Amino acid sequence: MATVKLRAPLKDLAGGNREIEIDGSSVGQVLRELEHRHPKISGWVLDEHGRVRRHVNVFVDGERVREDAPVAPDATMHVLPSISGGSR
Amino acid sequence: MTELLVGTKKGLFVLRGDAGAEKPFDVAARAFPGNVVEFAIRDPRSGRYFASVTSGHFGARVMHTMDPTGEWEPTTGLGYPEGSDWSLERIWSIKPGEADGLIYAGVAPAGLFTSTDGGLTWELNRALYDQPTRSSWEPGAGGLCLHSIATWPGDPSRLAIGISAVGVWLSEDGGESWRHGNQGLVPRYIPEDAREGTIDLCVHNMHRAPLRPERLFMQFHGGVYRSDDAGESWISIAEGLPADFGFPMAIDPADPDSAFVIPMISDGDRVTVDGRARVYGTRDAGESWTSLSDGLPQEDAYLTILRQAFSVDGEGPGMGLYFGATSGDVFGSADAGASWFTAHERLAPVNSVRVA
């Protein structure tokens, strides 16, 4: 199972969990399962088309990736806001 | 009489007044109504004023005049070359250089332009534009912008520039070639296992100490740093600040151990900490910081001060300090931050402040 690591504010939407173990073979699959388990996070990471939002960064084992990237069973996935997002 | 050039989301305000007087500064002129003014400055060598103006319809340009209450004229040459995958979006900074007529402009997407005729015509710095990593450069929240240009007093060959979010670049040949100067910067917004070798480094503001030019100070996207080797490497000097996030920075030109920052809560909440408007100053190169807030609002003051909205006037104990917030308020000090007054209230959201 991949380990998904979250920071605020996503951590708070996932019931305060910093780390969640999730099965899935792609980034999109893992994130959809994350939404399934923690519905409050729906729409925050993936947009209405199932794509990782422009101003969200997903790293899998140190590589910045998008929703179609593969995820190994022992992978570590970070989901965090990009510096390009937010307001100035 | 002090003259402030305040760039706002709704034009340029030219404020004039006496520092520390009871009366607020007067609006001597408002130029470019309806347009965003990103930055404005007066080149003290020529007396010429420059304003970076962005029209929602008609793009970005630098305007110039000898009288900011009169007519402005466009400069020429600011734009990416035909066939480029980039188009000019905004002009973030204008900086006089260290040779007659030499002046720089930092723009978004991240490029450096040079003028050798005092700012009337501009030319793209190809060495930076041709960097092989350019296609992978990542923007910060304000876009992919070159905002800080640190010249070396008396030596036009040495430059340091800061880009959000592509870190520090150094040149020792007047911009003919560039290399990174990022050692020691810690991008906490990137997972630890992805930090090594990254150039996604979000510099927010950077200044060189003119009396000790190998020293630079930097406000980073989470972190405040000092370099004592001309930008090759950086050490954290954030301890003692209520937060290490912020945008602008200023220094006392007469004191190479000085720096001033305006801490904000975090990148997720870019307002002054605890609802208090406080400038923090160091006079020992970052060993310790002092809150400078006498006269600034200390209750329910959730201000955002952008990276070009903090400026100095003169130097030493009588140095003026001025900053403007996106609330439209402009504050000033005539005693290097020991006490503050309100120079003007309720302007449009402030992008930049410079003393003419």
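Please treat every number below as a calculation from the coordinates, not as lab data. All values derive from a computational prediction rather than experimental measurement. Virtual Cβ from ideal backbone geometry, glycine too; neighbours counted across all protein chains shown.
Tabulated results
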read-out	value
Qualifying residue in the range A:16-31 (condition: closer than 30 Å to B:Ile305 by Cα, more than 14 Å from every other protein chain (Cβ to nearest Cβ) and under 11 Å from the mean Cα position of the chain (by Cα))	no
Filtered residues of the range A:64-78 (kept if within 10 Å of chain B (Cβ to nearest Cβ) and within 11 Å of the chain's Cα centre (by Cα))	A:Thr76, A:Met77, A:His78
Residues of the range A:48-63 satisfying the condition of being assigned to a strand (DSSP E or B) and either among the hydrophobic types (A, V, I, L, M, F, W, C) or more than 9 Å from chain B (Cβ to nearest Cβ) (or both)	A:Val52, A:Val56, A:Val58, A:Phe59, A:Val60
Test result for B:Trp178, crowded, with 23+ Cβ neighbours inside 10 Å, over 24 Å from B:Glu315 (Cβ atoms) and of a type in the set (A, V, I, L, M, F, W, C)	no
Filter result for B:Arg270 (closer than 16 Å to B:Ser327 by Cβ, more than 14 Å from every other protein chain (Cβ to nearest Cβ) and under 21 Å from the mean Cα position of the chain (by Cα))	no
Any pair with Cβ under 7 angstrom, 6 or more apart, that starts in the range B:188-202 at a residue that is more than 9 Å from chain A (Cβ to nearest Cβ) and free of Cβ contacts under 8 Å to residues at least 40 places away in the same chain and ends at one that is crowded, with 21+ Cβ neighbours inside 10 Å and hydroxyl-bearing (Ser, Thr, Tyr)	none
Check on A:Arg7, on the phi < 0 side of the Ramachandran plot, free of Cβ contacts under 8 Å to residues at least 60 places away in the same chain and of a type outside the set (A, V, I, L, M, F, W, C)	no
Flag for B:Ser352 being polar (S, T, N, Q), out of contact with any Ser or Thr (no Cβ under 7 Å at 6 or more places or on another chain) and buried (at least 21 other Cβ atoms within 10 Å of the Cβ)	yes
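Residue-by-condition table, conditions (1) more than 22 Å from B:Asp200 (Cα to Cα); (2) not polar (S, T, N, Q):
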site: A:Ser26; (1), (2): yes, no
site: A:Glu33; (1), (2): yes, yes
site: A:Ile41; (1), (2): yes, yes
site: A:Trp44; (1), (2): yes, yes
site: A:Val58; (1), (2): no, yes
site: A:Glu63; (1), (2): no, yes
site: A:Arg66; (1), (2): no, yes
site: A:Ala69; (1), (2): no, yes
